[in-house]
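> Quick one: the structure is below, questions incoming.
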Amino acid sequence: MGIHLLLEEIGKPYETRKLSFADHEQYKPEFAAINPKGKVPTLVRDDGSVLTEYGAIATWLARSNPASRLLPDDIEGEVRVRELLDYCVGTVQYAFTRMFVPAVFTANAADHAAVRARGRELVEQKYFPVLERTLTGGPYAVGSSFSIADSALFYLGLWSRHHEIALPPNFRAHFERLMARPAASKVLRDEGLAKA
Ligand SMILES: N[C@@H](CCC(=O)N[C@@H](CS)C(=O)NCC(=O)O)C(=O)O
């Protein structure tokens, strides 16, 4: 959903494909032929080449579409965006993966409830307090313009809504700002997540 938001912000034509984790489609041969890591997001570019890893995909989209201004040109701006993005994708996301796909962490189905509970605990007690302290400036994640870091906070906000995890105040205000963007409304409609 984060990469989907970036594609919508850029405004060029694209297609999305949804995978059902419940049906283990990420591990099936059809998807493994595209991304043997069995992970989303996965981007197939116009020349047929495949790009994986959120940060790489987001950076490629930003740098290939400079008019969309999704990644600052100055090094301080760029590393601050990367710092926050990497925390979302490399740390916070894995607590959610505990909740969405506990089998990644243990083959023992009897332990899945405990893995899910630990994921929730990490999000609520450890990771969101860090994000909350980061989101004090604004109006966007890093300064005054929307960047690829905001796209990661967007999907974390949506995942929180799905798992009924309350966002702390700064994060909530930031998420509401993102949700007000036309691109976000379009993503929600396309993903079947828009509230009636
Ligand atoms: N390092 C990867 C992580 C991607 C990732 O963990 N995606 C999750 C989304 S919940 C996934 O596809 N999980 C399915 C699985 O692990 O089976 C990235 O940055 O894109």
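> Would you confirm whether or not the stretch 20-41 contains a residue that is in contact (Cβ under 8 Å) with a residue 60 or more places away in the chain, part of a loop (DSSP other than H, G, I, E, B) and near the ligand (Cβ under 10 Å from one of its atoms)?
Within the stretch 20-41, one or more residues are in contact (Cβ under 8 Å) with a residue 60 or more places away in the chain, part of a loop (DSSP other than H, G, I, E, B) and near the ligand (Cβ under 10 Å from one of its atoms).
> Here's another thing I want to ask about it. Give Ala103, Ala110, Ala58, Ala114 a once-over and let me know the one that is of a type outside the set (D, E, K, R), at pLDDT 95 or above and within 16 Å of the ligand (Cβ to nearest atom).
Answer to the check: Ala58.
> Here is a follow-up. Before we move on, is Glu121 more than 15 Å from the ligand (Cβ to nearest atom), modelled with pLDDT of 95 or more and of a type in the set (D, E, K, R)?
yes
> Can you confirm whether Val89 is modelled with pLDDT of 95 or more, among the β-branched types (Val, Ile, Thr) and under 18 Å from Pro41 (Cβ atoms)?
yes
The values are calculated or read from the model by the stated rules, or taken from the named source; none is laboratory data. These figures come from a predicted structure and were not determined experimentally. For neighbour counting, all protein chains shown are included, and Cβ atoms are generated from backbone atoms with ideal geometry for every residue, glycine included.
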